[in-house]
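The values are calculated or read from the model by the stated rules, or taken from the named source; none is laboratory data. Everything numeric in this text was worked out from a predicted model, so none of it was measured. With ideal geometry, Cβ positions are generated from the backbone for all residues, glycine too; neighbour counts draw on all protein chains shown. Remember, those area values only see protein heavy atoms, side chains included, never the ligands or the DNA or RNA. Shrake-Rupley method; radii C 1.70, N 1.55, O 1.52, S 1.80 Å.
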Amino acid sequence: MQQVETRSAISAKPKKQIGRSIRLSLRTVNVLLSLLLPVTVLIVWQGAGMLGLLNPTLLPTPAVILQEFIDLTRSGELLAHLRISSWRALLGFLLGGGLGLAAGLWVGFSYKAERLVDPSLQMLRTLPHLAVAPLFILWFGFDETSKVLLIAKGAFFPMYVNTFLGIRSVDNKLFDVAEALQFSRWQLMTKLMLPGALPNLFLGLRLSIGVAWLGLVVAEMMGSSSGIGYLINDARYFSITSVVFVGILVFAAFGKLTDSLVKLLERRMLRWQDSYKGGDL
Amino acid sequence: MSQEWLLVQGVNRVFPAPSGDIVALRNIDLRVSEGQLVTIIGPSGCGKSTLLKIIAGLDTSYEGQVLLNGTPITGPSIEKGVIFQEPRLFPWLTVEKNIAANLPLRRPDVRQRVDELIELVRLKGFEKAYPRELSGGMAQRVAIARALLRNPAVLLLDEPFGALDAFTRAHMQEVLLDIWQQNGTTMLLVTHDLDEAVFLGERVVVMNPRPGQISSIQTIDLPFPRKRTSSSFQEMRRIVLSEFEKVEGPVVDAGAGI
């Protein structure tokens, strides 16, 4: 009992203070909070490097990496690689994600399609990128086709699985309503199944984009003469670790950026959702 | 118009079960004329919801005859508006779009009718609200408006206010009476609340279970709006309750015997 009381007393106090004094800057607090961990790591890292505790070839300091980033940006090299990588990722994602959406809708709408197609797709889903990549290169050569297809293969499955799941998780009671209101087949799909599946569609979209980035790295490291993956692989060959770090950071930044964009869209389109937004534990 | 707007004749409904068939409804006869408000009351398991489902066209495995305005009921349709215990709104649509559902709000006649209905169910100012922002009573009023927009020949309400608190329920009953008096829609309301049955019904159908059948139909000859505290209301309530106790009697005995 005592423990519970003290606990609630502690949690009640700061809440009140925040509410009174700096309610408007709650967003700022959140941003600062999310920066706390990475900034601490950076400071410790830089400090350790300057004290000579780290091998500069294996782990260059943040300052060196930043300098490398500035140099690569100035020369235009980074932008050129980034452009080709983004193009591949986009193309692969559109192809794979689009097909995944179509297949998910088809299998979701029809249980006959589910029995026909789903078992085979589930089997293909477990194939790892690295196992398929050599085959793709054999078939389609080292040029763009094999890379885009490898990315598409990755992007397909999250979109497919989540679209399927989304359609199947639409509340059955709403189907009774739709039947009583005499929805047409088209209305059933566009006014009930699609909006009902939307939360899962967004999840699929986010996962699919993430996997597209992952597939891109594999594709570009397998054999390529351009792109961020190539930049990393090439730098590794010559042990220019700072460039490897720049490549990794660019991947991370771009991955996060695209994810945030989708999340923003999601928040706008799923305003109606009444779900748990997290408590202050 | 017709004296027998809704006609239920000799309806039997049997649910097959491995331990012997369960007779949910036996020989149900019911006539409802146009514009009437009839309430059905009975203990759980008396088949009152099954009867409503049959009239709604959601259950077609029955024997007997069910006619709405002279035509047999073969399946669900907008002719039969159904209100369930939960409002069953589309969570991604605002109040006005939920009412319109598959009808385009852009059409001027739909727009106008939706606005009228929002006024009727007292939801002015909440047109753009999402279901998660509504209370239980408000959401149920949206569901009623959605059904009324289709101008149903009969509105079937299956314990529509059962999930609401007592105050909201009393308010909703008044709202429903208001709608009924303004719209003249034929209504059939299933409830297990004696007060609700007597407060709303022009006639109260008392059903008893095992097998589900109608034990009596009471005409409530009191003018609307009824006063729950008036002696005539209390008298009617007592009469229906006595019917109810006749029904409950053997059930309790059977239960005690086990």
Inset, instruction - Being of a type in the set (V, I, T) and within 14 Å of chain B (Cβ to nearest Cβ) is the filter; apply it to the range A:155-184 and report the residue that is farthest from B:D158 (Cα to Cα). - result: A:V170
Inset, instruction - Working only within the range B:149-159, note down all residues that are open to solvent by less than 10 Å² (accessible area, probe 1.4 Å) and in contact with a Lys or Arg (Cβ under 9 Å, 6 or more places away or on another chain). - result: B:V154, B:L155, B:L156
Legend entry - Flag for B:P131 being within 14 Å of chain A (Cβ to nearest Cβ), in contact with a helix residue (DSSP H, G or I) (Cβ under 8 Å, 6 or more places away or on another chain), closer than 21 Å to A:Q187 by Cα and open to solvent by 40 Å² or more (accessible area, probe 1.4 Å): no
Legend entry - Extreme residue, farthest from the other protein chains (Cβ to nearest Cβ), among residues of the range A:200-229 that are open to solvent by 20 Å² or more (accessible area, probe 1.4 Å) and in contact with a Pro (Cβ under 7 Å, 6 or more places away or on another chain): A:V211
Inset, instruction - Could you tell me whether any residue of the range A:248-258 is among the polar types (S, T, N, Q) and under 30 Å from A:R74 (Cα atoms)? - result: yes
Legend entry - Residues satisfying the stated conditions in the range A:131-149, i.e. part of a helix (DSSP H, G or I) and either among the polar types (S, T, N, Q) or open to solvent by 60 Å² or more (accessible area, probe 1.4 Å) (or both): A:A131, A:P134, A:L135, A:L138, A:W139, A:F140, A:E144, A:T145, A:S146
Legend entry - Checklist (1) touching a residue at least 40 places away in the same chain (Cβ under 8 Å); (2) closer than 18 Å to B:L189 by Cα; (3) away from every other protein chain (no Cβ under 14 Å) applied to B:R169, failing item: (1)
Inset, instruction - Take the residues in the range A:230-281 that are assigned to a loop (DSSP other than H, G, I, E, B), hydrophobic (A, V, I, L, M, F, W, C) and surrounded by fewer than 11 Cβ atoms within 10 Å (Cβ to Cβ), then tell me which one is farthest from the other protein chains (Cβ to nearest Cβ). - result: A:F238
Inset, instruction - Return the only residue of A:A197, A:A152 being in contact (Cβ under 8 Å) with a residue 40 or more places away in the chain, in a helix (DSSP H, G or I) and more than 14 Å from chain B (Cβ to nearest Cβ). - result: A:A152
Inset, instruction - Would you check if there is a residue in the range B:50-65 being among the acidic types (D, E) and within 14 Å of chain A (Cβ to nearest Cβ)? - result: yes
